[in-house]
Structure formats: structure tokens, C-alpha cells
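Let me begin by presenting the structure, written as C-alpha cells, before commenting on it.
The values are calculated or read from the model by the stated rules, or taken from the named source; none is laboratory data. None of the values given here were measured: they were computed from a predicted structure. Here Cβ is always computed from backbone atoms with ideal geometry, including for glycine, and neighbour counts include all displayed protein chains. With ligands, DNA and RNA removed, areas are computed over all heavy atoms of the protein, side chains included. Shrake-Rupley method; radii C 1.70, N 1.55, O 1.52, S 1.80 Å.
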Amino acid sequence: MSAAPQAPVVVAIDGPAGSGKSSVSREAARRLGYAFLDTGAAYRALTWLGLERGVDLDDAEDVVALLDDFPYATEVIDGGTRVRVGEHDVTGAIREPRVSAAVSAVARIPEVRIALNDAFRGMLRGTAAPGIVAEGRDITTVVAPDAPVRILLTADEATRIARRAGELGPGSAASAEQLRERDRRDAQVVDFMTAAPGVTTLDSTDLDFEQTVRAVIDLVERARAGERDAG
Ligand code: DC
């Protein structure tokens, strides 16, 4: 008799812009042999589609209508995740400043959040990997509140601004203001600066990338060891 297939281990990570959650989550997933779910990419792709179609992104009804035909898909090619909307590869386009500037308006619409969160839960259940690291603003609280590992990755504001400027490269003087503005707008929708009960805060202010990845993997291994002991 074969054992029942184990449900994938869900590692939920959220935190503010510039906390490093995206690159840290991706690398932790790679080392653990887990799948990776970047939920922000879906919000960005929907925003890209709205811009592409000339939709007024402040009109919630028009944005919600986009969901009727939103062929969002991701695929891993050569170890990198490609993001697609229909036949368009939007991996690069969804990181453009015009999308970053507009995405908060889309992410603030409750119907959009409900639809995407449903899709995310399906992706968490459906992964073929033994586990999945999912990152995004309300992953630990709304999408996967029962995940065995839930982490709020933070860093102080100066550190986050410096990291974001480093990612965007020279000439990114506007990045500090953009980051503050995006945090301010996003914080009106989801409180991503305070850990909910049961969520572990990982402050990466004094940690480099490697140390932060290790700290995440450590938390996953401890949770799994705890589960084995309990089971
Ligand atoms: O993590 P990111 O910068 O790619 O996220 C893009 C935007 O989407 C950001 O403004 C926050 C929003 N977002 C969200 O509201 N909920 C999520 N689960 C993921 C992202």
C-alpha cells in the first residue's frame, strides 16, 4: 500500500517593499527544492493588462472586468520564472516603473484581491514540489493563515531604500520617494509591518542576503522538525 501523498509544505513570507522578500524567498525556495510563488507578479500582470488595454485603473469596475479574460501563467525556464499573459511574455514589462506606479490602485480593489487570492490558494495546493515558498503582502494572514511557516521579513526604512536603490541602479533618486509612497498606499490595504499572531518577524536590517536566506531556511527546518516531533 502506498502512503497518502503529503500536502506540500507552505512557507508564507510577507513584508514591505525593499525588505528583500522577493529575492530571499526565491533563493530559499531554490535551496529547499520547493516551488516559488511570487504573488505580486500577478497583481503586476493584471496592472500591465489594464495599461495595455487603456483601462482607467482608478475605475474599480473596469479593472474587475479585466479578470474575465486574464490568461495569467508562469513557467520555469532555465531555472528562471517567466510570467505570461496570454501569448505575451511580460516578465520584464511588469517591473517597469509605469507598472510599479500603478499597481497599488489595482491591488486595493477588494474583488481583485478575492479573485487572485483564490487563484493563489489553488497554486499552493496544486504544486508538484514537496513545498512552496509564497511571498506577498497578505500571504501570512489572508491567503495561507494556516501555513506551518509564516514569516514577516522586515528591515528598517533606510536599509530598504538603500537596497531598492541598489536594485534599480544609478540614477534612481526617485526610488526612495517611490518606495515610501508605495508602502504608504499599500499599508492602507494590508498591514504588512506588524506580524500577526503566530507569524515570526525576521528583521534583516543587519543581515546580508546569505544570512537572511539561511535564517529563512532555518525557520523552515525548525518547523519541520517540530512537526516530526509532534507527529
Ligand atoms: O511585491 P511586489 O512589489 O511585486 O508587489 C506589487 C504590488 O502588489 C505591491 O504594490 C503590493 C501588491 N501586492 C499585494 O497587495 N498583495 C500581494 N499578495 C502581493 C502584492
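Laid out as a table, the results:
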item: Percent accessible area from carbon and sulfur atoms, segment 22-156, protein chains only, probe 1.4 Å; result: 51
item: Share antiparallel - DSSP beta bridges, the chain, percent rounded to 5; result: 30
item: Positive-pole candidate from Gly86, Pro71, Pro97, dipole of segment 62-101, charges at beta carbon; result: Pro97
item: Probe 1.4 Å, accessible area per residue of the chain, Å²; result: 51
item: Cβ-defined net charge surrounding Thr159, 12 Å radius [Lys, Arg +1; Asp, Glu -1]; result: -2
item: Those GluC sites (Glu not before Pro) in segment 34-96 that DSSP places in a loop and that have at most 15 other beta carbons within 10 Å; result: Glu87
item: Per-peptide average of other Cβ atoms within 10 Å, ordering 129-141, 200-212, 105-117 highest first; result: 129-141, 105-117, 200-212
item: Rounded accessible area of Asp69 (nearest 10 Å², 1.4 Å probe); result: 90
item: Segment 1-73, dipole about Cα centre (Lys/Arg Cβ +1, Asp/Glu Cβ -1), debye to the nearest 20; result: 780
item: Value of [θ]222 nm, deg cm²/dmol, for the chain, DSSP H segments ≥ 4, -39500 (n - 2.57) each, nearest 500; result: -15000 deg cm²/dmol
item: In sequence order, calculated HN-Hα J values of segment 127-133 (Karplus, 6.51, -1.76, 1.60; Hz; x Gly/Pro); result: 5, 8, 6, x, x, 8, 9
item: Where the Cα pairs of the chain fall when distances are cut into 10 Å bins, in %; result: 7, 32, 38, 19, 4, 1, 0
item: Point-charge dipole on Cβ atoms (K/R +1, D/E -1) for the chain, about Cα centre, debye to 20; result: 520
item: Residue-by-residue Karplus 3J(HN,Hα) for segment 135-150, coefficients 6.51, -1.76, 1.60, Hz, glycine and proline x; result: 10, x, 4, 10, 4, 6, 10, 10, 7, 9, x, 9, 4, x, 10, 10
